[in-house]
Amino acid sequence: MTNIFGDKGGIIVAVLLVLVLYLIFKEKKATIWFATMVISSLLINTAIKMIIGRDRPEIHRLAAFANEAGKSFPSGHSIFATIIFGSIFFICLRKLKNKSSKIALGILCLILIATVMFSRIFVGVHYPSDTIGGFLEGMSLLLFTYPTFIKYQEAAKKAN
């Protein structure tokens, strides 16, 4: 799980989700919102990493991750997992009818995000504060843009 949301794996996951949203579910507004979230998170994360410049932990790193490149804060994997699972949650939120389904999806998304965050600490490439910072950055971006996404979805509904 720790590499799925990295540079190559994350881009593949994002492209697949964009294709599914657009081609299968015909969710044009959701596709644009999700793609904007992915691109924004990559740009913001890169800028923050350059500004903060915190080095990765050097102790207790698993051998397979001994040469992990880049800076530590904030965790890009945590941001990306938050953007992906948070977007899925918010896109599905309006489509799910009963409260228990919404709660179950929310819990599942949080568990998946927490799993990615924990995995980055476990393999020794991030401090806990890096993953928390990544989560908070991703949630801030989602919560800042979600009202606009809803506004455009409602406007599209009224137009139809």
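Of these, Phe73, Phe149, Phe118, Phe80, which one is surrounded by 13 or more Cβ atoms within 10 Å (Cβ to Cβ), without any contact (Cβ under 8 Å) to a residue 60 or more places away in the chain and in contact with a helix residue (DSSP H, G or I) (Cβ under 9 Å, 6 or more places away or on another chain)?
Values: Phe73 fails: without any contact (Cβ under 8 Å) to a residue 60 or more places away in the chain; Phe149 fails: without any contact (Cβ under 8 Å) to a residue 60 or more places away in the chain; Phe80 fails: without any contact (Cβ under 8 Å) to a residue 60 or more places away in the chain.
Result of the check over Phe73, Phe149, Phe118, Phe80: Phe118.
Residues in the stretch 90-116 that are modelled with pLDDT of 95 or more and within 19 Å of Arg56 (Cα to Cα): there are none.
With the condition kept exactly as written, say whether any residue in the stretch 127-145 is modelled with pLDDT of 95 or more, touching a Gly at 6+ places or on another chain (Cβ under 6 Å) and surrounded by 15 or more Cβ atoms within 10 Å (Cβ to Cβ). Taking every residue of the stretch 127-145 in turn, at least one turns out to be modelled with pLDDT of 95 or more, touching a Gly at 6+ places or on another chain (Cβ under 6 Å) and surrounded by 15 or more Cβ atoms within 10 Å (Cβ to Cβ).
The values are calculated or read from the model by the stated rules, or taken from the named source; none is laboratory data. Treat the numbers as computed from the prediction; the structure is a model and nothing was measured. So basically every Cβ, Gly included, is an ideal-geometry build from the backbone, and we count neighbours across all protein chains shown.
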